[in-house]
Each structure stands twice: as C-alpha cells, then as structure tokens.
Amino acid sequence: MNVPLARRGARRSGPVSPAGLGRILRWALVVAISVLFAFPLYWVVVTAFNTHNGVFSIPPRFVPAFHTDAFLYVLEHTNWLHYMLNTFLIAGSTVLLVIATSAAAGFALAELSFRGRGFFLFMILAVIMLPAQALLIPQYAVALHLHLLDSYAIQIIPFGASTFGVVLFRQFFKSLPREFWEVARLEGVGHLRYIWRVALPLARPAVATVALLTFITSWNQFQWPLIMTVSHSVQPIEVALSHYMQTFEANWRKLTSAVVLALLPIVALFLLLQRYIVDGVAGRDSGVNT
Amino acid sequence: MTVSSTRAPAAPPELVAGSSFGERAPRGQSPAHKLAERARRLGDRLVAYGLLLPAIAIFVVFFFVPAGYLLYISFYHWGILSSATQFVGLTNFRRLFAQPLFFQALTTTAYYTLVMIPATVFLALGIALVLKEAVTGRRGGVWRAAVFLPHVTPVVATSIIWVWIFNPQFGLANYVLTSLHLPALGWLDSTQWALPAVMIDSLWHSLGLYVIIFLAGLANVPREILEVAQLDGAKRHRVFHRIVWPLLSPTTFFVTLLATVNSWQAFSQIFAMTGGPHGGAGGPAFATTTDALLVYETAFIYDHFSLAAAMSVILFLIILFLTFIQKWISDRVVFYR
C-alpha cells in the first residue's frame with residue numbers, strides 16, 4: 001500500500017501531519033470497501049421503487065424515487081406471505097430441533113461416562129467432512145424410500161442435527177462448574193430435568209448462537225428444497241423467487257420488489273443482531289481452525 | 001475435564017428405584033455402595049445413548065447411509081420409476097468417461113476454483129488488513145457488519161440483483177465499463193464472461209465470511225511482537241512478510257481449504273444467475289456448467305440417476321483428494337505455534 005510513500009511526501013508540507021494523512025487514506029478505504037459491499041442491496045431498493053422508464057435510463061438514477069406501484073403489485077398478486085410463512089415454519093422448526101438434539105448430545109458427551117464416547121464424537125465430527133453436493137442423489141433416494149419427498153419434514157429433519165451445535169454445547173457444558181451436576185444428582189434431579197432447568201438456561205449464549213446461525217442457514221436454503229419439493233404449498237421463499245424469475249422475466253421493478261420482500265426479514269434480523277451473528281460465525285469457523 | 005469415577009457416589013433415585021439403598025449409599029467400598037456405583041454407571045450409559053440417539057440417528061439416516069448408498073447406486077442401474085434394479089459394474093463410470101460434457105464440466109469447475117482461491121485469499125486478507133484497526137474502534141462493528149452482510153443474504157435473491165447489474169443493455173456493470181471508456185461486455189449472454197460474472201457475485205457473497213476469519217486470525221497475532229518490530233524500525237511490508245504472514249498461515253490454510261471445497265461445489269449462484277430468464281441453467285452453451293450443475297441436471301432434468309451417482313462419486317473423490325493434498329502441503333508449510 002502507498003501509505004508509507006504518502007507519508008514521506010507529506011512530511012514537510014501542508015497542515016496535515018503525515019500520520020494524519022495516512023489515517024485519512026485508511027479511513028477512506030474502509031468506507032469505500034463497506035459501501036462497495038452494501039451497494040448491491042441499496043441498488044435493489046432503488047430499482048424496485050424507480051419509475052417504469054427510470055429503470056432503463058442511462059445514466060442510471062442513483063437516488064431512490066418512491067414509486068410503490070411495482071412493489072404493491074407484487075404484494076397483491078403473489079403468494080409471498082404464504083412462502084414467507086413456509087420459510088419461517090421450516091427455519092423455526094429446524095432451530096428448535098437443532099437446539100434439542102445438540103443440547104442432549106452435547107450434555108451426554110460432556111458430563112456422562114459411557115463406552116463409545118470417543119467414537120460418537122468422531123462420528124459427529126466426520127459429518128462435516130462429507131461434501132454436500134456429492135450426497136444429494138442418494139439423499140433424494142433415501143427421502144423417496146422414507147416417503148418424505150415434497151413435505152415440510154424433509155426440509156426440517158435432515159438439518160435437525162448440527163455438528164457445530166453439539167460441539168458448542170459440549171464445550172459450554174464442560175465449562176459449567178462440576179458441582180452443579182453433582183448437587184443436582186444428590187438432590188435426585190434427573191438428567192433431562194437438569195438439562196432443561198439448569199444447564200440450558202446457563203448455556204443461553206450457546207443457545208442464541210446456535211439458534212441464530214441455524215435460522216440463517218435454514219432461511220437461505222435453496223438447492224435442497226429445489227430438489228426435494230415440487231408443491232408450492234411447502235416451498236420456501238427462495239424457490240418461489242426462482243419461479244418469479246420466470247414470471248417477471250424482464251420486469252425488473254417487479255422482480256426486484258420480490259427480492260426486497262424476500263430480503264427484508266433476514267436483513268432486519270442481521271442488522272438487529274449483527275454483533276452476535278458475526279461473533280458466532282467467527283467463533284464457529286476459527287474454532288474449527290484451532 | 002474428563003468424567004472420572006471419583007464422583008460423588010450417589011445414584012439418581014429413579015435409576016435405583018425400589019432398591020433399599022438410594023441416595024444415602026454409604027461412602028467407602030461396602031458392597032452396597034459398589035452396587036449403587038454400578039447401577040449409576042449403567043444408568044448413565046443408557047441415558048447417554050438415549051441423549052445421543054436423536055442427533056446420531058439424523059446423521060446416520062441422512063448423511064452416513066446416503067454416503068454408502070451413493071456407491072451402491074453408482075454400480076447399479078437405478079431409477080426412481082424403474083423397478084428393475086440391476087448390478088451393472090463399472091458401466092455407469094464407462095458411460096460417464098465417454099461423455100465430453102463431463103470433462104468440460106470438470107475443466108469449468110477447475111477454472112472457477114482456481115480463480116476463486118487466490119482471489120478469495122488475496123481480497124479477504126487485504127480487506128481484513130484494511131479493516132483491522134477500524135473494527136477495534138468503538139463503533140467498529142459497523143464495518144465488519146457491512147462486509148459480512150452479503151454472506152447472510154439468500155443466494156437466489158441476491159443473484160437476481162447481480163443478473164440485473166450484469167444486464168448487457170441497462171445494467172450497471174456495463175455503465176461503469178463504458179464510463180471508463182472500456183468496451184461493454186455480454187456478461188451472462190457471453191460464453192467467455194458468464195463465469196467471471198458468477199465469480200464476482202460469489203466473491204461478493206462469500207468474502208465477508210473469509211474476512212471475519214482473517215480478522216480473528218489477525219487478532220491472535222501478539223501485539224508485543226509487532227510493537228517490538230516497530231520499535232526496531234522494521235518497515236511495514238517487512239513486518240507483514242516476516243511476522244504477520246507466517247503467524248497467520250494456519251488461518252490462510254483454513255481459508256484456502258474452505259474456499260476450495262466451497263468453490264468446487266458451487267451451485268445455487270450459478271443456477272440462479274444462468275437459469276431463470278436465460279433458460280436452462282449452466283449456459284450459455286454449457287459455459288457455466290460446473291460439476292454440481294451437471295449432477296443436478298443429469299439426475300433431476302434427464303432422470304439418469306445412476307450416471308449422476310457415478311459423477312457424484314468422482315466429485316466426492318476429487319474433494320477428498322483436494323482436502324488431503326492441502327493438508328499434506330500445510331503440514332510442510334504452515335507454521336503452527
């Protein structure tokens with residue numbers, strides 16, 4: 001980078017100190033990068049609310065207008081609410097299932113001694129080594145044999161267990177003071193009651209992280225429902241969007257309006273909880289690293 | 001911490017219900033205590049298996065069984081509707097290797113991956129280095145969030161935006177090019193530029209994740225070392241080259257591995273950008289048909305399940321091979337503290 005050069009040049013001239021100039025350059029770069037990443041999301045809003053002719057004007061209009069006709073058309077003439085509810089239902093159920101299976105397995109691996117513990121842990125870790133794309137054909141065959149094709153269940157159950165979830169809960173439960181569990185045992189508290197009443201509430205950060213990351217992953221599923229479902233009644237918003245691409249072929253305002261609708265919930269969720277989401281992802285992926 | 005047998009010797013009552021020694025089992029090695037201890041362990045074991053069952057069952061049914069089933073299908077003539085499943089040996093693989101399109105898809109995937117890996121590492125590390133100081137500030141989270149935001153967006157939704165940006169007539173991409181007095185491109189309509197357009201979308205969508213990983217790696221470089229180097233008057237690029245880069249190598253390796261595996265399996269963004277208004281995905285003229293797309297179309301458009309399974313086996317082996325070769329390299333190059 002040019003920062004050292006700029007520094008040398010600015011040494012004896014002007015009111016801006018060399019370190020100051022470097023700082024300004026650096027901040028300009030920071031802002032430029034952030035704007036570049038956020039821009040396509042801004043652009044889709046501008047397009048959706050542009051005028052009919054404004055969309056095709058050259059040079060393009062970068063300032064948003066507020067013509068809501070295309071957006072209202074999509075609101076009224078598409079089944080977006082139905083698809084959105086489907087997506088919520090699928091993502092929500094997946095989250096609950098993941099929390100339950102991960103907390104249970106994580107507790108067993110952290111607190112109980114039994115034969116085969118190492119083997120089960122190895123199995124759970126081995127899942128992430130399997131390349132997802134290579135398994136789709138046999139997964140489809142398994143779903144076919146289990147009569148699960150074209151249902152909500154096939155979009156929920158296969159993602160109802162998570163390696164990351166198990167590992168995170170195991171870590172968290174291990175960090176709880178040993179005495180809690182021992183006292184609970186002396187008091188005659190059962191395993192499930194202990195997990196539900198003591199361990200899970202204490203593991204709230206782990207619950208939040210697993211819930212958020214699972215929800216986002218589930219919300220963004222596309223290829224899986226594309227393959228496993230055919231009925232509009234069970235399909236999520238992403239698959240609906242790929243249909244809209246055909247329906248609204250070159251009608252960019254309507255198509256981008258549909259995109260804005262689909263993006264709203266997940267972007268809102270991210271903006272509200274971005275700190276936890278980014279930290280969670282950083283923890284998950286650097287955690288595997290070490 | 002490991003679970004040891006030296007725990008408080010009390011069994012939960014529900015596990016020794018009906019026995020005369022409950023939670024008051026005497027300490028020491030009396031026979032009653034031994035029995036209670038054994039009951040407790042047996043109970044623990046049963047409970048443990050019960051607690052593991054849901055997660056393990058899901059993994060087995062939907063991941064491990066399919067992994068084995070994949071091999072089975074690839075050696076059989078298998079179809080959804082055909083009841084006549086028969087062993088055909090290597091026929092599926094022979095038919096696969098007779099298809100030029102299969103090798104074209106492999107080449108396309110390799111091209112895509114070979115561009116994506118260095119672009120990902122270079123850009124993600126560069127952005128992380130620029131953001132490094134900004135993100136530690138009081139409101140630093142904003143910059144991190146802006147870069148990461150694309151990664152949480154649904155792929156089809158944002159791919160539609162990029163299709164619009166790459167529109168040859170009215171898109172922003174060509175507007176920028178012509179403003180810079182460069183020739184406009186056909187982008188998704190051109191066999192030459194369709195894949196680069198997809199790469200730009202993919203980079204935009206995935207870089208945030210890798211930037212976050214690099215930021216975490218950079219945060220682990222001890223400040224003292226950097227301060228000492230600066231006091232000694234070491235130049236910036238030398239500090240980076242001699243200290244930061246080696247210390248960061250485990251992170252760089254991890255990012256490379258992740259980018260390789262993800263790029264080789266790219267599907268959704270290619271499907272969304274080249275399908276839809278453009279007709280069959282993977283075009284124009286199969287220019288963006290990667291492995292994953294070919295598997296999908298072979299199985300779900302043309303119903304050749306066994307052929308698609310044979311392709312998947314090859315895909316599986318390639319990813320395994322790439323993982324191992326990178327591990328092999330990393331064991332020799334990566335500097336682990």
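Coordinate-derived values only; no laboratory data. All values derive from a computational prediction rather than experimental measurement. Neighbour counts are summed over all protein chains in view; Cβ atoms, including those assigned to glycine, are modelled from backbone coordinates with ideal geometry.
What is the distance in Å between the Cα centres of region B:183-238 and region A:88-149? That distance is 33 Å. What's the angle, to the nearest 10 degrees (0 to 90), between helix A:163-175's Cα axis and the longest principal axis of chain A? The helix A:163-175 is inclined about 60 degrees to chain A. Taking every residue in A:238-245 and counting other chain Cβ atoms within 10 Å of its Cβ, the average works out to 5. Relative contact order (percent) for chain B, with alpha-carbon contacts under 8 angstrom and 6 or more residues of separation? The normalised contact order for chain B reaches 21 percent. Charged side chains reduced to their Cβ positions (Lys and Arg at +1, Asp and Glu at -1) give chain B a dipole of some 1300 debye around its Cα centre. The listed peptides B:256-263, B:32-39, ordered by packing as a protection proxy, come out as B:256-263, B:32-39 (highest mean of other Cβ atoms within 10 Å first). Treating cross-link reach as a plain straight distance, find the lysines whose alpha-carbon is under 27 Å from the alpha-carbon of B:K34, omitting any fewer than eight places away in the same chain. In chain and number order, the partners are A:K174. Helix check for chain B. Which DSSP H runs span at least 30 Å along their own axis by Cα, with a mean Kyte-Doolittle hydropathy no less than -1.0? Sorted by number, the helices that extend far enough and score high enough are B:31-59, B:100-134, B:194-219, B:305-333.
Each Cα pair under 8 Å and six or more residues apart adds its sequence gap; the mean of these over the residue count of chain A is a relative contact order of 28 percent. Within straight-line reach of B:K327, meaning a Cα separation under 29 Å, sit the following lysines at least 8 residues removed in sequence or on another chain: B:K132. The HN-Hα couplings worked out from phi for region A:209-220 by the Karplus form 6.51 cos²θ - 1.76 cosθ + 1.60 (θ = phi - 60°) are 4, 4, 4, 4, 5, 5, 4, 5, 4, 5, 4, 8 Hz, whole numbers, x standing for Gly and Pro.
Which residues' amide hydrogens lie under 5 Å from the amide hydrogen of B:Y76, considering only partners 5 or more residues apart or on another chain, with H built in the peptide plane? Sorted by chain and number, the residues that satisfy this are B:V88.
In order along region A:105-111, the phi-based Karplus estimate (6.51 cos²θ - 1.76 cosθ + 1.60, θ = phi - 60°) of 3J(HN,Hα) comes to 5, x, 5, 4, 6, 8, 10 Hz; Gly and Pro are listed as x.
Across B:S268, B:S312, B:S30, mean-square fluctuation computed from a Gaussian network of chain B (C-alpha pairs under 10 Å connected) peaks at B:S30.
Averaged over peptide B:130-136, the number of partner chain Cβ atoms lying within 10 Å of each residue's Cβ comes to 4. Report summary: the helix-based calculation at 222 nm, which adds -39500 (n - 2.57) for every DSSP H run with n ≥ 4 and divides by the residues of chain B, gives -20500 deg cm²/dmol. The angle separating the long axis of helix A:252-289 from the principal Cα axis of greatest extent in chain A is about 50 degrees.
Using C-alpha pairs below 8 Å separated by at least 6 residues, the relative contact order for region A:17-67 is 29 percent. Annotation for region A:182-246 versus region A:53-84: alpha-carbon center distance of 32 Å. Computed about its Cα centre, the charge dipole of the protein assembly as shown is approximately 2400 debye, with only Lys, Arg, Asp and Glu carrying charge at their Cβ. Since only B:Q104, B:H77, B:A124 are under comparison, the one whose Cα sits farthest along the positive direction of the charge dipole of region B:24-176, derived from C-beta charges on Lys, Arg, Asp and Glu, is B:A124.
Ranking B:Q269, B:S206, A:T78 by Cα position along the charge dipole of the protein assembly as shown, where only Lys, Arg, Asp and Glu carry charges on their C-beta atoms, puts B:S206 farthest toward the positive end. Against the main long axis of the alpha-carbon atoms of chain A, helix A:117-126 sits at an angle near 20°.
Within a Cβ distance under 13 Å of B:L215, other residues only, what is the Lys/Arg minus Asp/Glu net charge? Charge balance in the 13 Å sphere: -1. Shown in residue order for region A:63-70 are the 3J(HN,Hα) couplings computed by the Karplus curve 6.51 cos²θ - 1.76 cosθ + 1.60 at θ = phi - 60°: 8, x, 9, 10, 9, 8, 4, 5 Hz (x for Gly and Pro).
Entry note, chain A: the mean residue ellipticity at 222 nm calculated from DSSP H runs of n ≥ 4, each adding -39500 (n - 2.57), is -23000 deg cm²/dmol after division by the residues and rounding to the nearest 500. Averaged over the residues of A:62-70, the number of partner chain Cβ atoms lying within 10 Å of the residue Cβ comes to 0.
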